[in-house]
Amino acid sequence: MTAATSIVCPDCDGTTFTLLPCRCTSFGDRFLADEEATLVQREAYRDCEQCRGTGSVAYPCHRCRRRGRRRAQLVLSVANLDTGAVASHSMVPGGLDPQPEPSGGWVVRLADRVRELAAVVGAAVTGDEPPLGLPPQWRPDLPAVRRHELEAQAIVGLDHLPWRLIVGRSEAASPVEPAARLGRLCALADLLLLDLVIEARRQGARVDWDVRYEVPGSPVPKIWLGHRDLPAALAGTDVADALTGLIERGRSAPARMLRLDGPRPPAVPAVDVDQLERRILADCVDPKTGDELPGAQALWRDGRLWHTSLRGGEPVEHLVEQPTGQVVRRVRVPLRRGCPPPDPPWLGEPIGWRRCPDCVPGSRLRSCDCRLGDRPADADCAHCGGVGMRPSALTCPTCFGTHRLPETVLVTLTDLRHRVVHLAWQSGVPEEATLVATQPGGKPVVQLPDRYRLGSWAPILGVRPEDLAEADGGHEIDYDLRGGYVTLPWARADPIVEHVRAAGRGQPGARLIVTAVRPDAPPLTELIRLALGLDLALEVSVCDLRHHAGDPLRLAGLRWSVRPRSRDAAVRPDEWPHRPTLEAALAWCVECLDDSVADAVPADPVVPIRVPAAAPDELLADPVPALLRLAARHAGQTLTVRFTRAGCAVHLHDDGGVRLLAEATDLHDLRLR
Ligand SMILES: [Zn+2]
Ligand SMILES: [Zn+2]
Ligand SMILES: [Zn+2]
Ligand SMILES: [Zn+2]
């Protein structure tokens, strides 16, 4: 017997909202509250703007997304990317096969199910699904109705991700060797002139580990996510992970020139990871008093490791407005390095800067929109009354809150292996700029010489200009920076000043770090086969803007996006292909696979999730040449091709709508109108 696959939401009893204590009750009946103060009793704030002093607020139930019902079905799917085989298992009340735990209680071992499915499709999978615990009342001798009720309760606890996809390959990937990973990260730090920081920090009773890059002079960060030990931190941190957050961490780092004429550090020697871990842990204790310290770091800088403890700095007090109308006093103790390492020899003289004209340090005042485009403030402006500044909750977009605009920006381009180019773009250096266009408002657009065009360095590093991306986060490099185009605010403005401002905006230590790496992604045909195996649609959108090449005012080249969607979903009219290359779109598709699969689940919890299966299959013929021909025929317009088990359908986006152009069982059979 199988029970229902949806139940009334246990969090809101089906009413779609929940009554919860108001946030004000954690601070009590006072306007100014201390975050750390302990309350004798929870009490509502009389003037609360959220609960009007009643102490409780009705929130829409987020667990059931205001539907009143929850899904009691979990589908596990395992796919083999090399063969296209898919196997799935649907877990519903009455079909769970619970196992007793030695410590008491009953669990469903999801990892066992995943292993069975992986064996069916011949895939090596990594990672372990944690077991699903059943409520303590569950016993095998209960009546079936009661057992199924309890099992449904356990399954709905996982309904934030009711369909889980695990993708593997036929061959297991070789595990990451922590020492080799550390060696590679250190070598890259020397190449890019960055610090590699290996940090242990106390989080309550345990010590967490983190490995990351920093621009020298970055403060010890507040926000922090850790691993359980150093080998795990190294295994879990690749180059892209270590670079993530570099900009935010280094916002306040001082900007200094790079001296590139000195001797290069020697090749990275082998580092013993266990020994390094022990040394850093030992540094987490004060050698004089034996007291526990908040943490410790080892910094790889200029070819060697420097060790330092982390200590509490001067407490900083913040007043934080609450949505309740209260103000909470929050005291934070920032960490500082006990023994900061000496400057590396490659750091040169400080870079000059000018004050940001669009914000006032220490206040929320920002340039008013009436001043946009370097106009004088509008005397009749309704927002600022002609002052030109107005309060805003957003970070200043000109300087990202640093209040400084550097006069030089240091650009580092790298293939993340062994090639690197360091450039210094300095304001005040006269350069020949060619007038290439005029903006609709009349501002001149000039183009700077080759060394200011990031795109012209791409072939030197072995990639296409559209493969250039910001090292932190992988964002595409701006079209203007790639082509060296500068829009001048007025005719006689210095183009280098404007170019430096655009490139250096908010960058740590005035350093813009750019990767020149072709994205690593499976071919489109593998992802189509995978989507078909999962009984989904793979949507590929493409827009051909190659006819804009050489026009500095318009985006040029090809734009792509690739995403799996529900088989029956309609093409979204506003779909715009965001990625500059097919490989970038494919890499993004793989990165978001978990979420896309979860989005393909029917919104209504009463509608069961399909349980897809597929035998190994041949790859389709490569549809990319046909896609390119189609896109060229409709240049300037977005095309979306949906690949499903039924065939493929070509849609054209125009006038805010979507039009079906053609359908066929195979893209190569399409007769195009
Ligand atoms: Zn309240
Ligand atoms: Zn609910
Ligand atoms: Zn204004
Ligand atoms: Zn600013």
Exercise. Taking region 297-334 as the search range and keeping residues that are among the β-branched types (Val, Ile, Thr) and closer than 28 Å to GLY55 by Cα, which one is farthest from ligand 3 (Cβ to nearest atom)?
Worked result: VAL331
Seminar exercise, completed: A careful count of residues in region 215-247 that are under 28 Å from LEU410 (Cβ atoms) and either without any contact (Cβ under 8 Å) to a residue 60 or more places away in the chain or assigned to a loop (DSSP other than H, G, I, E, B) (or both) gives 16
Problem set entry | Entirely in region 26-122, the strands (runs of 3 or more DSSP E) that have 1 or more residues that are more than 30 Å from LEU593 (Cβ to Cβ) | 32-34, 56-60, 106-108
Problem set entry | TRP306 being part of a strand (DSSP E or B), within 28 Å of the chain's Cα centre (by Cα) and among the aromatic types (Phe, Trp, Tyr) | no
Seminar exercise, completed: Exception for GLY262 within (1) without any contact (Cβ under 8 Å) to a residue 60 or more places away in the chain; (2) open to solvent by less than 60 Å² (accessible area, probe 1.4 Å) falls at (1)
For this session: Restricting attention to region 489-504, report how many residues are open to solvent by less than 40 Å² (accessible area, probe 1.4 Å) and without any contact (Cβ under 8 Å) to a residue 24 or more places away in the chain.
Result: 2
Seminar exercise, completed: Exactly one of VAL514, VAL446, VAL486 is over 18 Å from LEU553 (Cβ atoms), open to solvent by less than 20 Å² (accessible area, probe 1.4 Å) and in a strand (DSSP E or B), and that one is VAL514
Exercise. Are any of the residues in region 597-613 open to solvent by less than 30 Å² (accessible area, probe 1.4 Å), in contact with a helix residue (DSSP H, G or I) (Cβ under 8 Å, 6 or more places away or on another chain) and within 30 Å of ALA152 (Cα to Cα)?
Worked result: yes
Exercise. Taking the condition more than 28 Å from the chain's Cα centre (by Cα) and at pLDDT below 85, does ALA393 pass?
Worked result: no
For this session: Report yes if ASP302 is open to solvent by less than 80 Å² (accessible area, probe 1.4 Å), away from ligand 1 (no atom under 16 Å from the Cβ), among the charged types (D, E, K, R) and touching a Pro at 6+ places or on another chain (Cβ under 9 Å), otherwise no.
Result: yes
Exercise. If only one of ARG301, ARG279 is within 16 Å of VAL197 (Cα to Cα) and more than 30 Å from the chain's Cα centre (by Cα), which one is it?
Worked result: ARG279
For this session: Among residues belonging to region 113-144 that are within 31 Å of the chain's Cα centre (by Cα) and without any contact (Cβ under 8 Å) to a residue 24 or more places away in the chain, point out the one that is least open to solvent (accessible area, probe 1.4 Å).
Result: PRO130
Exercise. How about region 7-54: which of its residues are β-branched (Val, Ile, Thr) and in contact (Cβ under 8 Å) with a residue 12 or more places away in the chain?
Worked result: ILE7, VAL8, THR15, THR16, THR18, THR25, THR54
Problem set entry | Unique residue being closer than 30 Å to TRP346 by Cα and either buried (at least 16 other Cβ atoms within 10 Å of the Cβ) or acidic (Asp, Glu) (or both) when the list is LEU165, LEU182, LEU150 | LEU182
Seminar exercise, completed: In region 23-73, residues that are within 13 Å of ligand 1 (Cβ to nearest atom), under 34 Å from the mean Cα position of the chain (by Cα) and open to solvent by less than 20 Å² (accessible area, probe 1.4 Å) total 1
For this session: Working only within region 467-483, note down all residues that are farther than 24 Å from CYS356 by Cβ, in contact with a strand residue (DSSP E or B) (Cβ under 7 Å, 6 or more places away or on another chain) and open to solvent by 30 Å² or more (accessible area, probe 1.4 Å).
Result: GLU476, ARG482
For this session: List the number of the failed condition for THR83; all other conditions in (1) within 27 Å of LEU527 (Cβ to Cβ); (2) within 16 Å of ligand 2 (Cβ to nearest atom) hold.
Result: (2)
For this session: Would you check if there is a residue in region 381-401 being assigned to a loop (DSSP other than H, G, I, E, B), aromatic (Phe, Trp, Tyr) and more than 16 Å from ligand 3 (Cβ to nearest atom)?
Result: yes
For this session: Give region 321-354 a look and list any residue that's free of Cβ contacts under 8 Å to residues at least 60 places away in the same chain, under 32 Å from the mean Cα position of the chain (by Cα) and exposed (fewer than 14 other Cβ atoms within 10 Å of the Cβ), or say none.
Result: GLU321, VAL333, PRO340, ARG354
Exercise. Failed condition for TRP576, given (1) at pLDDT below 95; (2) open to solvent by less than 20 Å² (accessible area, probe 1.4 Å); (3) under 30 Å from ALA437 (Cβ atoms), with all others met?
Worked result: (2)
For this session: For region 517-556, enumerate the residues that are surrounded by fewer than 22 Cβ atoms within 10 Å (Cβ to Cβ), of a type in the set (Gly, Ala, Ser) and within 27 Å of the chain's Cα centre (by Cα).
Result: ALA521, ALA556
Exercise. Would region 355-374 turn up any residue that is assigned to a strand (DSSP E or B), more than 16 Å from ligand 1 (Cβ to nearest atom) and either among the basic types (Lys, Arg) or open to solvent by 90 Å² or more (accessible area, probe 1.4 Å) (or both)?
Worked result: yes
For this session: Within region 398-421, count every residue that is open to solvent by 90 Å² or more (accessible area, probe 1.4 Å) and within 14 Å of ligand 4 (Cβ to nearest atom).
Result: 1
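The values are calculated or read from the model by the stated rules, or taken from the named source; none is laboratory data. Just so you know, these numbers come straight off a predicted model, no measurement behind them. Ideal geometry is used to build each Cβ from the backbone, glycine not excepted, and the neighbour counts take in all protein chains shown. Quick note on the areas: whole protein, heavy atoms, side chains included, nothing else; ligands and nucleic acids left out. Shrake-Rupley method; radii C 1.70, N 1.55, O 1.52, S 1.80 Å.
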